[in-house]
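Only one structure is covered here, and it is reproduced in the block below.
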């Protein structure tokens, strides 16, 4: 919520998405979600041009399912 509020103060609209369908229906250039949505397959990272990750320590466990989903 903090990231979204900061972006909106700067005049940047963002959409929080929980599913791939919501991502594809979004009308904003920026999409927010959480690691679990990607890890559990709800959102495909390959759909995006790039991703910015907050709290990248989540990815330091090289054998984790989260790391494997972002690897490609």
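The values are calculated or read from the model by the stated rules, or taken from the named source; none is laboratory data. These numbers come from a predicted model, not from an experiment. Neighbour counts are summed over all protein chains in view; Cβ atoms, including those assigned to glycine, are modelled from backbone coordinates with ideal geometry.
For segment 48-72, the candidate set comprises residues that are part of a loop (DSSP other than H, G, I, E, B) and under 24 Å from residue 1 (Cβ atoms); within that set, the residue that is modelled with the highest pLDDT is 48.
Within this structure, residue 42 passes the test of being free of Cβ contacts under 8 Å to residues at least 40 places away in the same chain and surrounded by 11 or more Cβ atoms within 10 Å (Cβ to Cβ).
Quick grid of which residues meet (1) part of a loop (DSSP other than H, G, I, E, B); (2) over 23 Å from residue 66 (Cα atoms); (3) in contact with a helix residue (DSSP H, G or I) (Cβ under 8 Å, 6 or more places away or on another chain); (4) modelled with pLDDT under 90:
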position	(1), (2), (3), (4)
6	no, yes, no, no
15	no, no, yes, no
24	no, no, yes, no
27	yes, yes, no, no
38	no, no, yes, yes
46	no, no, no, yes
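Pairs are defined by a Cβ separation below 6 Å, a sequence spacing of at least 6 or placement on different chains, a first member in segment 3-15 that is on the phi > 0 side of the Ramachandran plot and in contact (Cβ under 8 Å) with a residue 60 or more places away in the chain, and a second member that is assigned to a helix (DSSP H, G or I) and surrounded by 13 or more Cβ atoms within 10 Å (Cβ to Cβ); no pair meets this definition. Please tell me if residue 42 is closer than 19 Å to residue 71 by Cα and at pLDDT 90 or above. Here the answer is yes, as residue 42 does meet what is asked.
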